[in-house]
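*Asks:* Handing you a structure now.
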């Protein structure tokens with residue numbers, strides 16, 4: 001298993017403004033760490049061939 005430390009600077013920013021840090025990338029998918037500012041709404045997307053999962057570390061989601 002590969003372990004990594006989150007970089008201090010985000011790798012990218014989502015269209016909604018969330019900070020994105022890439023954790024892993026593979027031929028069939030990837031995994032990111034996303035920081036959503038308090039009060040911001042970040043809606044889940046619907047994709048034809050992709051599944052999206054969310055794991056909330058702090059705060060709340062619906």
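*Asks:* Which is exposed (fewer than 11 other Cβ atoms within 10 Å of the Cβ) and without any contact (Cβ under 8 Å) to a residue 12 or more places away in the chain, of 59, 8?
*Replies:* One residue alone meets the criteria, 8.
*Asks:* Just to be sure, is residue 54 under 10 Å from the mean Cα position of the chain (by Cα), surrounded by fewer than 10 Cβ atoms within 10 Å (Cβ to Cβ) and part of a loop (DSSP other than H, G, I, E, B)?
*Replies:* In short, yes.
*Asks:* Restricting to the stretch 1-25, what's the tally of residues that are modelled with pLDDT under 80 and either in contact with a helix residue (DSSP H, G or I) (Cβ under 7 Å, 6 or more places away or on another chain) or not in a loop (DSSP other than H, G, I, E, B) (or both)?
*Replies:* 0
*Asks:* Among the residues of the stretch 15-39, which ones are touching a residue at least 12 places away in the same chain (Cβ under 8 Å) and in contact with a strand residue (DSSP E or B) (Cβ under 6 Å, 6 or more places away or on another chain)?
*Replies:* Matches in the stretch 15-39: 18, 19, 20, 21, 23, 24, 32, 33, 34, 35.
The values are calculated or read from the model by the stated rules, or taken from the named source; none is laboratory data. Just so you know, these numbers come straight off a predicted model, no measurement behind them. Every residue, glycine among them, receives a Cβ derived from its backbone with ideal geometry; neighbour counts consider all protein chains shown.
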